[in-house]
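After the structure tokens below, expect a handful of questions from me.
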């Protein structure tokens, strides 16, 4: 049947691929999908891994990202979100109810700490903070309403590394869901599900995307029932990423192993040089024997990540002077991109913490965080050296 021009202008069909497939994942910029069978449509709205129905539920480009990260992490499935905090809040709120209890490590990303404290104020979800090094400390903190153990592989910004295998063992023993933020390690350095984690979350904005041009998050699941449960909540929450953001993240993942290798090499070189400078009282990187997590990190990390922090002898005034003196490194928040970034945690990423809370996590007034890029390491050291010398 020949339709009118008005109808044909509306009903443009996507070409079917016969005998070939694209090398890169296409951007499927469609909000909804057409079905021939109403029963297939109904079935596809009930679970996360069937046919595509509506963009908030699923999208081919987004699913390609989810499948890629789930495969890298060794999970049964993943749910992508529009930001890393979207993944964290989706996972936690998808698991918790009013009156529940969370055990979390003390050294947390500031945004995560703020969310957990907000849950406590608004929903009566209580929290106990632990060091992350002592399994008995976690065991003693468990209550009848404890539901979640929340950890980070490498913590922001002091690079604390929790004893993940020991912590996950306690979670299994006590029937807790273990959630770990693996952003700073990426699946190249650590795959927490292989160590016993139930849920792994990422800010895909960081190393997965890798180019400072996309916001995104992802949660990966070791258990299919847990995956479906949190997916349903994520659909209701509306934390779905845009297909273009998913596509940019997929593009970034293709070079992730190469970039992570360079990030780690540059960080080792720079952290050791900075640690020896007289203007610095101490550098914080788990690859340094002086770091509190050195022995733990050696147990399951093949390399120690692309981020470190250091304390300046002159306190906040020295920190301000250093940030003004660097020329190659950029004063900026975030991390995981190809360029080196520096920042002052106490007034940026962890600004929501009180002075007492900052001290408890080891963040001082002169603490500088460095997200090391993939530039030439000699150029980076020349920049840091002149800035430190100027103090």
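Go over the candidates 226, 323, 307 one by one and state the one that is closer than 30 Å to residue 85 by Cβ, more than 22 Å from the chain's Cα centre (by Cα) and in contact (Cβ under 8 Å) with a residue 24 or more places away in the chain.
Only one candidate passes the filter, namely 323.
Something else now. Could you check residue 65 against (1) part of a loop (DSSP other than H, G, I, E, B); (2) touching a strand residue (DSSP E or B) at 6+ places or on another chain (Cβ under 8 Å) and say which number it fails?
Checking residue 65 against (1) part of a loop (DSSP other than H, G, I, E, B); (2) touching a strand residue (DSSP E or B) at 6+ places or on another chain (Cβ under 8 Å), the one that fails is (1).
Related question: Just to verify a result, which residue in region 350-370, among those that are outside any loop (DSSP other than H, G, I, E, B) and out of contact with any helix residue (DSSP H, G or I) (no Cβ under 9 Å at 6 or more places or on another chain), is surrounded by the fewest Cβ atoms within 10 Å (Cβ to Cβ)?
Step by step, filter region 350-370, then rank; the result is 356.
Which condition number in (1) closer than 30 Å to residue 101 by Cα; (2) surrounded by fewer than 21 Cβ atoms within 10 Å (Cβ to Cβ) is the one that residue 242 fails?
(1)
Right, residue 260: in a helix (DSSP H, G or I), within 17 Å of residue 334 (Cβ to Cβ) and touching a helix residue (DSSP H, G or I) at 6+ places or on another chain (Cβ under 8 Å) or not?
Yes.
Right, another one. Any residue at all in region 273-282 that is over 21 Å from residue 24 (Cβ atoms), touching a residue at least 60 places away in the same chain (Cβ under 8 Å), in the same structural domain as residue 312 (by TED's automatic domain parsing) and assigned to a helix (DSSP H, G or I)?
Among the residues of region 273-282, at least one is over 21 Å from residue 24 (Cβ atoms), touching a residue at least 60 places away in the same chain (Cβ under 8 Å), in the same structural domain as residue 312 (by TED's automatic domain parsing) and assigned to a helix (DSSP H, G or I), which makes the answer yes.
Quick one: in region 1-10, of everything that is loosely packed, with under 10 Cβ neighbours inside 10 Å and modelled with pLDDT of 80 or more, which residue is nearest to residue 245 (Cα to Cα)?
This residue is 6.
The values are calculated or read from the model by the stated rules, or taken from the named source; none is laboratory data. Every value quoted in this text rests on a predicted model; they were computed, and no experiment measured them. Neighbour counts run over all protein chains shown; Cβ positions are idealised from the backbone, glycine included.
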